[in-house]
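The values are calculated or read from the model by the stated rules, or taken from the named source; none is laboratory data. Just so we're clear, the structure is a prediction, and the values are computed from it rather than from any experiment. Glycine gets a Cβ as well: all are built from the backbone with ideal geometry, and neighbour counts include every protein chain shown. For accessibility, only protein heavy atoms count, side chains too; no ligands or nucleic acids. Shrake-Rupley method; radii C 1.70, N 1.55, O 1.52, S 1.80 Å.
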2 protein chains.
Amino acid sequence: MIEYYDISGCYIMRPWAISIWETMQKFFDAEIKKMKIQNCYFPLFVSPTVLQKEKDHIEGFAPEVAWVTKSGESDLEVPIAIRPTSETVMYPYFSKWIRGHRDLPLKLNQWCNVVRWEFSNPTPFIRSREFLWQEGHTAFATKSEADDEVLQILELYRRIYEEFLAVPVIKGKKSELEKFAGGLYTTTVEAFIPNTGRGIQGATSHCLGQNFSKMFEIIFENEKGEKAMAWQNSWAYTTRTIGVMVMVHGDDKGLMLPPKVASVQVIVIPVPYKDADTQGIFDACTATVEKLCEAGIRANSDFRDNYSPGWKYSHWEMKGVPLRIEIGPKDLANDQVRAVRRDNGAKIDLPRGSLVERVKELLEEVQESLFVAAKQRRDACIQIVKTWDEFVEALGQRKMILAPWCDEEEVEKDVKARTKGEMGAAKTLCSPLEQPEVPEGTLCFASGKPAKKWTYWGRSY
Amino acid sequence: MIEYYDISGCYIMRPWAISIWETMQKFFDAEIKKMKIQNCYFPLFVSPTVLQKEKDHIEGFAPEVAWVTKSGESDLEVPIAIRPTSETVMYPYFSKWIRGHRDLPLKLNQWCNVVRWEFSNPTPFIRSREFLWQEGHTAFATKSEADDEVLQILELYRRIYEEFLAVPVIKGKKSELEKFAGGLYTTTVEAFIPNTGRGIQGATSHCLGQNFSKMFEIIFENEKGEKAMAWQNSWAYTTRTIGVMVMVHGDDKGLMLPPKVASVQVIVIPVPYKDADTQGIFDACTATVEKLCEAGIRANSDFRDNYSPGWKYSHWEMKGVPLRIEIGPKDLANDQVRAVRRDNGAKIDLPRGSLVERVKELLEEVQESLFVAAKQRRDACIQIVKTWDEFVEALGQRKMILAPWCDEEEVEKDVKARTKGEMGAAKTLCSPLEQPEVPEGTLCFASGKPAKKWTYWGRSY
């Protein structure tokens with residue numbers, strides 16, 4: 001999937017990874033086009049004056065900004081920043097383009113790279129200094145339109161994770177401490193990695209309120225002829241999605257790819273024997289691949305003569321191909337092929353007559369099973385706690401902790417301080433949009449004050 | 001299409017431009033996938049040691065390289081370059097991945113941004129400091145495989161220009177002076193802008209030979225067990241394609257978009273009169289758009305009530321929409337719509353019964369007419385010369401000059417020196433792949449030595 005690169009924190013995404021990215025992109029791009037969001041492309045570079053216009057925002061990103069100061073042998077007059085995100089790149093032009101209510105809504109998206117020069121533990125896909133993403137930036141006349149879009153986009157992010165990557169996520173709202181720098185509120189799809197006991201922010205959809213429109217003077221004349229400030233959103237998902245998928249589905253044998261995003265869904269391997277009709281087996285493999293490809297299934301064969309079938313089985317298991325088809329002399333004689341599922345190792349003989357239908361069914365079953373299994377593992381990590389002691393115990397067990405909370409920033413800071421340690425402090429992951437009831441008299445697990453909502457807590461990436 | 005940006009040489013590509021880019025991308029990406037070329041993504045950043053590995057190559061790019069020297073407030077230990085192109089980014093990994101003949105061919109492509117910090121006359125699309133492109137990088141066991149691919153890709157570039165952008169191009173080979181720095185030979189599709197009398201390199205497909213594989217040690221064991229160096233190609237087209245299209249098809253009224261790439265192919269405008277059935281007209285417009293969209297035609301309506309029909313006509317003409325449909329009371333009464341072609345202003349009444357078929361025909365006609373007209377204008381600029389005096393005269397008339405040439409580097413340098421002036425010097429554009437005969441005794445127009453080939457000369461972007 002990736003190759004390490006000679007600059008720390010940068011990684012090469014090989015075709016196996018990029019094809020997953022492209023599958024998600026195709027889905028998401030078509031969906032946002034239905035929502036009348038248009039693609040555009042703004043420059044990679046930002047001038048320092050513009051970058052620094054929104055104080056909270058720049059405070060959030062400043063330590064990670066990479067600066068270009070030279071071209072060729074010459075120093076630039078003014079250093080130029082590489083976008084860590086494009087709010088400040090785009091909004092001066094939103095200000096220019098938006099004059100009257102007829103210019104709204106303005107709904108733009110771009111597919112691009114961004115750079116955040118982080119120094120803490122670069123990890124492929126999860127935390128890299130350059131990554132690919134889409135970033136949507138929209139402006140509306142009213143808050144309710146903006147609110148609606150935030151949730152529409154969040155639902156698309158949920159679908160990417162659950163329907164494509166087979167990764168269960170929780171839709172929720174970020175705390176004040178964890179929300180996007182400069183925004184009004186942040187919604188998130190939050191995943192959890194049972195192996196490490198850490199939550200991970202999957203993708204975020206922010207309502208920026210009128211904060212940026214105030215700073216960047218995105219002002220329009222409404223239908224009554226009055227000046228008003230636009231309501232804005234921004235939202236993004238990144239190549240981190242692929243990393244989450246890898247961590248959630250991997251096993252001892254290696255990667256496990258959900259069929260919907262696998263660039264090879266079926267690998268066909270000839271299993272010749274000494275005395276057998278080798279040519280017949282190879283022909284059957286070729287015919288099988290052709291038949292599957294014609295039906296829109298991404299199939300390939302492995303005819304390499306310098307590796308044994310057993311080696312090939314392990315190789316393609318490691319690479320995560322959802323379904324393997326083996327064809328040997330017995331299969332040839334019985335006019336069948338043998339299918340082996342990557343997820344559970346089940347072996348199924350498929351008559352060649354119903355090959356396409358059965359393979360399609362099997363791929364759907366694998367897709368579904370991966371999600372169900374991942375959800376069971378995730379759900380087994382969720383622990384409901386009501387007191388500080390229960391919280392500390394659950395944290396020690398690396399749980400995803402659901403607790404009643406007073407929703408105060410100081411209390412979250414306090415929890416962070418009290419749980420500091422080698423493993424990292426606990427913080428809020430999100431407050432689920434689907435809130436369990438908070439009965440009268442429920443107290444905050446951390447402060448003892450009246451609880452306002454249920455919130456997920458845990459260690460996080 | 002574009003908006004000027006507050007950093008010189010950077011431009012914002014608005015949806016009207018990006019949708020053209022996406023149309024070409026969809027075509028090209030599908031074609032290269034048929035050729036088993038796989039997409040990948042390599043980092044934006046290059047370390048200086050790697051960048052400087054190939055001497056000729058870096059000499060060609062060094063003055064334009066942008067350097068990152070700081071992150072946040074800290075200086076980097078070593079400055080890091082932003083890719084001007086990715087040969088030096090990728091080939092150390094080609095060296096790692098390619099060991100035996102079974103690892104070949106290796107055929108990769110990426111869609112990305114690159115940065116060339118040029119100081120001479122930034123021009124939107126044509127010469128910008130950041131641009132979007134695809135870059136293909138392939139490695140083969142034999143030269144003949146590499147040679148074949150160079151031409152296959154060049155044909156795809158021709159199709160992008162001629163079939164999509166309706167821009168005539170000449171396939172040719174670059175001179176030694178104009179070829180890609182560090183490569184073996186460069187092929188090009190060369191366009192010409194009659195208004196300015198300048199040639200423009202449309203897209204290039206390079207055979208790199210074994211030069212990079214030598215520098216980066218891309219060595220494989222062939223079938224005989226001997227070590228051999230890989231043969232490599234690289235090839236790219238950029239957002240410049242859009243700029244060439246704009247310059248070739250624009251007229252006094254503004255842009256003219258070929259239907260195949262226009263994000264709106266048909267704009268439907270209601271033309272109500274005082275006493276007429278306004279609602280009926282609006283309904284007919286809506287129905288027309290729906291019908292066209294259902295048939296896969298990109299149609300839209302302009303119902304804005306604060307602009308007159310006449311203003312809208314000009315507006316959409318300026319934006320280059322290939323076909324306008326007007327619906328007024330008379331059209332309603334006659335169960336027809338009026339279509340107006342952007343390219344020649346022709347007005348055609350279309351019965352609503354055969355709307356879809358007729359609109360499809362008209363769009364095809366516009367596409368074809370744009371190409372034919374552009375080709376006539378281009379061909380009228382081509383001048384065959386045989387002597388220096390004829391050459392100077394033709395250059396003064398801003399022609400694309402086809403001349404017999406001895407193919408010597410010193411002679412091209414000499415022509416450059418002798419034609420220096422306010423308008424810029426003349427240089428070779430390309431030697432057409434389809435060579436007219438060079439009769440025995442034909443002399444070079446510039447040096448008087450025996451001519452080896454016909455070559456296009458002119459001023460260039």
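The table for this structure:
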read-out: Residue match in the stretch A:33-43 (condition: assigned to a helix (DSSP H, G or I), within 7 Å of chain B (Cβ to nearest Cβ) and under 29 Å from B:Ala66 (Cα atoms)); value: no
read-out: Output for the stretch B:173-183, where each listed residue is closer than 18 Å to B:Met400 by Cβ and in contact with a Phe, Trp or Tyr (Cβ under 7 Å, 6 or more places away or on another chain); value: B:Lys173
read-out: The stretch A:122-173, residues that are among the polar types (S, T, N, Q) and within 19 Å of the chain's Cα centre (by Cα); value: A:Thr123, A:Ser128, A:Gln134, A:Gln152
read-out: Enumeration of residues in the stretch A:281-302 that are in contact with a helix residue (DSSP H, G or I) (Cβ under 7 Å, 6 or more places away or on another chain) and loosely packed, with under 14 Cβ neighbours inside 10 Å; value: A:Ala295
read-out: Meets criteria (open to solvent by less than 40 Å² (accessible area, probe 1.4 Å), facing chain B (nearest Cβ under 7 Å), of a type in the set (A, V, I, L, M) and touching a residue at least 40 places away in the same chain (Cβ under 8 Å)) for A:Val46; value: no
read-out: Of all residues in the stretch B:318-331 being among the hydrophobic types (A, V, I, L, M, F, W, C) and surrounded by 18 or more Cβ atoms within 10 Å (Cβ to Cβ), the one that is farthest from B:Gln367 (Cα to Cα); value: B:Ile327
read-out: Selection within the stretch A:51-110 - open to solvent by 50 Å² or more (accessible area, probe 1.4 Å), part of a helix (DSSP H, G or I) and either within 24 Å of A:Arg129 (Cα to Cα) or facing chain B (nearest Cβ under 10 Å) (or both); value: A:Lys55, A:Asp56, A:Glu59, A:Pro63, A:Lys96, A:Arg102
read-out: Selection status of A:Ala276, over 28 Å from A:Met24 (Cβ atoms) and either among the basic types (Lys, Arg) or in a helix (DSSP H, G or I) (or both); value: no
read-out: Selection within the stretch A:419-455 - among the basic types (Lys, Arg) and either exposed (fewer than 13 other Cβ atoms within 10 Å of the Cβ) or over 18 Å from A:Gly199 (Cβ atoms) (or both); value: A:Lys420, A:Lys449, A:Lys452
read-out: Number of positions in the stretch A:233-252 that are at pLDDT 95 or above and open to solvent by 10 Å² or more (accessible area, probe 1.4 Å); value: 6
read-out: Residue match in the stretch B:261-268 (condition: free of Cβ contacts under 8 Å to residues at least 60 places away in the same chain and open to solvent by 40 Å² or more (accessible area, probe 1.4 Å)); value: no
read-out: Pair list, Cβ < 8 Å and 6+ apart or interchain, from the stretch A:122-149 residues that are without any contact (Cβ under 8 Å) to a residue 12 or more places away in the chain to residues that are surrounded by fewer than 22 Cβ atoms within 10 Å (Cβ to Cβ) and among the aromatic types (Phe, Trp, Tyr); value: none
read-out: Of the criteria (1) under 27 Å from the mean Cα position of the chain (by Cα); (2) within 30 Å of B:Tyr11 (Cα to Cα), which one B:Arg341 fails; value: (2)
read-out: Selection status of A:Gly225, surrounded by fewer than 22 Cβ atoms within 10 Å (Cβ to Cβ) and either within 29 Å of the chain's Cα centre (by Cα) or part of a loop (DSSP other than H, G, I, E, B) (or both); value: yes
read-out: Candidate set: the stretch A:340-391, residues that are among the aliphatic types (A, V, I, L, M) and not in a helix (DSSP H, G or I); chosen: the one farthest from A:Val244 (Cα to Cα); value: A:Leu350
read-out: The stretch A:303-339, subset in a helix (DSSP H, G or I) and free of Cβ contacts under 8 Å to residues at least 24 places away in the same chain, residue nearest to A:Pro259 (Cα to Cα); value: A:His315
read-out: Residue match in the stretch A:254-265 (condition: polar (S, T, N, Q) and in contact with a Leu (Cβ under 9 Å, 6 or more places away or on another chain)); value: yes
read-out: B:Gly345 open to solvent by 20 Å² or more (accessible area, probe 1.4 Å) and either under 27 Å from B:Glu368 (Cβ atoms) or of a type outside the set (A, V, I, L, M, F, W, C) (or both); value: yes
read-out: Single unsatisfied condition, A:Leu395 versus (1) closer than 21 Å to A:Thr196 by Cα; (2) without any contact (Cβ under 8 Å) to a residue 60 or more places away in the chain; value: (2)
read-out: Tally of residues being touching a Lys or Arg at 6+ places or on another chain (Cβ under 8 Å) and either within 26 Å of A:Gly250 (Cα to Cα) or of a type in the set (S, T, N, Q) (or both) across the stretch A:305-327; value: 14
read-out: Positions within the stretch B:264-302 being farther than 19 Å from B:Gln336 by Cβ, under 38 Å from the mean Cα position of the chain (by Cα) and either at pLDDT below 95 or more than 14 Å from chain A (Cβ to nearest Cβ) (or both), in sequence order; value: B:Gln265, B:Glu294, B:Gly296
read-out: Boolean, A:Gln367 is open to solvent by 10 Å² or more (accessible area, probe 1.4 Å), touching a helix residue (DSSP H, G or I) at 6+ places or on another chain (Cβ under 9 Å), at pLDDT 95 or above and under 23 Å from A:Met1 (Cβ atoms); value: yes
read-out: Residue count for the stretch B:12-32, restricted to those that are facing another protein chain (nearest Cβ under 8 Å) and either over 17 Å from the mean Cα position of the chain (by Cα) or of a type in the set (Lys, Arg) (or both); value: 3
read-out: Hey, A:Glu64 at pLDDT 95 or above and either over 24 Å from A:Leu255 (Cβ atoms) or not polar (S, T, N, Q) (or both) or not; value: no
read-out: Long-range neighbours under 9 Å by Cβ, at least six apart or interchain, first residue in contact (Cβ under 8 Å) with a residue 24 or more places away in the chain within the stretch B:417-433, second assigned to a strand (DSSP E or B) and acidic (Asp, Glu); value: B:Leu429/B:Glu190; B:Cys430/B:Glu190; B:Pro432/B:Glu190
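The rows are residues; the columns are (1) crowded, with 19+ Cβ neighbours inside 10 Å; (2) within 17 Å of A:Pro432 (Cα to Cα).
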position: A:Arg158; (1), (2): no, yes
position: A:Tyr161; (1), (2): yes, yes
position: A:Ala166; (1), (2): yes, no
position: A:Lys174; (1), (2): yes, yes
position: A:Cys207; (1), (2): yes, yes
position: A:Glu217; (1), (2): no, no
